[in-house]
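Below: one structure, written as structure tokens.
The values are calculated or read from the model by the stated rules, or taken from the named source; none is laboratory data. Every value quoted in this text rests on a predicted model; they were computed, and no experiment measured them. Cβ: placed from backbone, ideal geometry, glycine included. Neighbour counts: every protein chain shown.
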Amino acid sequence: MGPLMRWWGWGEDGNDPELTPATEALLCDELDVDPSVRRPPARLDDVELPAPRLRPGAHAALAATAGPHALRIDRDTRVGHAAGRGYADLVRLRAGDLSGAPDAVLIPESAGQIPAVLAACAEHGVAVVPFGGGTSVVGGVEPLCDGHHAVITLDLSRLSGVIDIDEVSLTATLESGLLGPDVEAGLNSAGLTLGHFPQSFEYSTVGGWVATRSAGQASTGYGRIDELVEGLRLCAPAGELVLEPVPATAAGPSLLELVVGSEGALGVITEATLRVRPVPEERVYEGWAFGSFAAGSEALRALEQRRASPDVARLSDEEETRLSLAMAGEGGSQRLGRAYLRARRRARGCLAIVGYEGTADEVARRRKRAGSLLRAAGGATLGRGPGRAWAHRRFAGPYLRDVLLERGVMAETLETATCWSRLAQLRGAVREALHTSLVMRGTPALVMCHISHIYPSGASLYFTFLARQEEDDDELEQWSAAKSAASEAIVAAGATITHHHGVGRDHVPWMRDEVGDLGVELLRAAKERLDPAGIMNPGKLVPA
Ligand SMILES: Cc1cc2nc3c(=O)[nH]c(=O)nc-3n(C[C@H](O)[C@H](O)[C@H](O)COP(=O)(O)OP(=O)(O)OC[C@H]3O[C@@H](n4cnc5c(N)ncnc54)[C@H](O)[C@@H]3O)c2cc1C
């Protein structure tokens, strides 16, 4: 098995950041947080797990498919697979609510065992939740029975081989359970990289990326995972769908696209062939300052539409810029803040991070061209300091979220995308919806936003919101009200309900707005053909 995270939070113990005095002050002053509050997670020994519901016949049949050691019903394994890593998951886990733990966890040794596992589940009425790294933030790995007598989690971590690296075609065929660091280690040894670095990189897998259409921090340049997949194998209850890797095809509508983003609801992705590139000689990330979010957005649009886009393109709005300057480590924050203010000669503005990867020549040429466009759009360069600070901290956010939860602070994110002409309106509508929802319930709130990926026709928006957690077990209602309000604002603005987190359980109520009634029926028809007994990840992706 891969490295299981601590059962109630992110990563491993010992990586939690200390809050800086500036952050402590900010939590008190702006969120009305009581500095003495500590809300530690429940003790594992005090947590009660429901009795496993697998009937003896189903247990015996499953144990026969992959060997008795592959089927686990022990407490630690069930706890470790009980939930993903969204805010609502963490609230429930920290409170010791493990009522949703799977009845069993099955860890096959090879892809060849999976058809028998799915056949046994279909025959015995057991739901199956494919599980890569378990980092879903939309309830994608929640073990739901949905009418079946029991639910197992199918942990794919042992499918962790590099099957083939084609150095001529620049593709790699990888098993689906391979974790991010192992993908890069395997490719780097051949001088190659996938260049796919979601913030969950350390704990997420190839299969999870493909199944959720994930985006990495350099996806503006490298492409999202859906742009990198050339072929794959899907093991469905109805049989195996093999889509051989080809650079392009005109053979009808893309079945590859049907499987990419299928979130375990159609079958198990056992391997994928992905485009790779040479490891870049040089990586340069740098900061730019803009007077406003509108000015910064126009600058990024100009870069993309004039084919001068960087590999990394992020633009924080005024609020995110203010808070990240205030909350970053003291020395770094002050240096960054001083440079920023000097560059803009004003107190408010927006910070952008742009990054280039490639050969030294390419990076120099692209930086020069993009730099002149950014300057022409009103940007002021802040040099490489802010870029280095961003690269250094880019995997630290999830650890900070655990610390904030301990202090009684809700810290949640959501994302969407729309075209450039509607971007400002969308940002305003979602900010307003989140603010109103949280403030109406009596808690001050901070709502931040950044552009995380840019395209010729539009961009994605990534929102982070913080508020003091409501007490008396109302945290989940507080979250649900804010999430619903933001989702309604997103669909009302004609934007997508998700740019890269996927649908999971949390976005199902808005799938009809996204694809319409006929679209839902088409998805359901594909599911019924591939998964006639409806055992694959019920309650996710496809509305009932
Ligand atoms: C702190 C944090 C940061 C994140 N940052 C990003 C980010 O930068 N970009 C981004 O896109 N997402 C991000 N995410 C969301 C999440 O990491 C991604 O959705 C990721 O792709 C999930 O990969 P995983 O291996 O953990 O999949 P899991 O969480 O295990 O599964 C996700 C979904 O895919 C299905 N699935 C998994 N493996 C397979 C398979 N082999 N076959 C079929 N179905 C499968 C599951 O059933 C589930 O529906 C973040 C999450 C967290 C907690």
Residue by residue through the range 428-443, note down the ones that are surrounded by fewer than 23 Cβ atoms within 10 Å (Cβ to Cβ), modelled with pLDDT of 95 or more and not small (Gly, Ala, Ser).
-> Arg431, Glu432, His435, Thr436
Pairs returned, first residue in the range 374-390 that is hydroxyl-bearing (Ser, Thr, Tyr), second residue that is exposed (fewer than 15 other Cβ atoms within 10 Å of the Cβ), beta-carbon separation under 9 angstrom, 6 or more apart or interchain, are Thr381/Arg375
Picking from Arg233, Arg275, Arg283, Arg213, which residue would you name as being within 26 Å of Leu144 (Cβ to Cβ) and either more than 8 Å from the ligand (Cβ to nearest atom) or surrounded by fewer than 18 Cβ atoms within 10 Å (Cβ to Cβ) (or both)?
-> Arg233
Would you check if Ser99 is within 14 Å of the ligand (Cβ to nearest atom) and in contact (Cβ under 8 Å) with a residue 40 or more places away in the chain?
-> no
Elements of type helices (runs of 4 or more DSSP H) contained in the range 199-278, each with 2 or more residues being touching a residue at least 60 places away in the same chain (Cβ under 8 Å) = 206-212, 219-222
With the condition kept exactly as written, say whether any residue in the range 170-190 is of a type in the set (Asp, Glu), free of Cβ contacts under 8 Å to residues at least 12 places away in the same chain and buried (at least 18 other Cβ atoms within 10 Å of the Cβ).
-> yes
Could you give me the residue pairs with C-beta distances under 7 Å whose first residue belongs to the range 445-457 and is over 16 Å from Glu319 (Cβ atoms), whose second residue is away from the ligand (no atom under 14 Å from the Cβ) and not aliphatic (A, V, I, L, M) wherever it lies, and which are 6+ apart or on separate chains?
-> Ile454/Glu304; Ile454/Ser309; Tyr455/Glu304; Pro456/Glu304; Pro456/Gln305; Ser457/Cys419; Ser457/Trp420
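Here's the yes/no breakdown for (1) within 11 Å of the ligand (Cβ to nearest atom); (2) touching a strand residue (DSSP E or B) at 6+ places or on another chain (Cβ under 6 Å); (3) among the hydroxyl-bearing types (Ser, Thr, Tyr):
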site: Cys121; (1), (2), (3): no, yes, no
site: Pro130; (1), (2), (3): yes, yes, no
site: Gly133; (1), (2), (3): yes, yes, no
site: Pro143; (1), (2), (3): yes, yes, no
site: Asp182; (1), (2), (3): no, no, no
Can you name the residue in the range 526-542 that is assigned to a loop (DSSP other than H, G, I, E, B) and away from the ligand (no atom under 15 Å from the Cβ) and, of all such residues, is farthest from Ser254 (Cα to Cα)?
-> Ala533
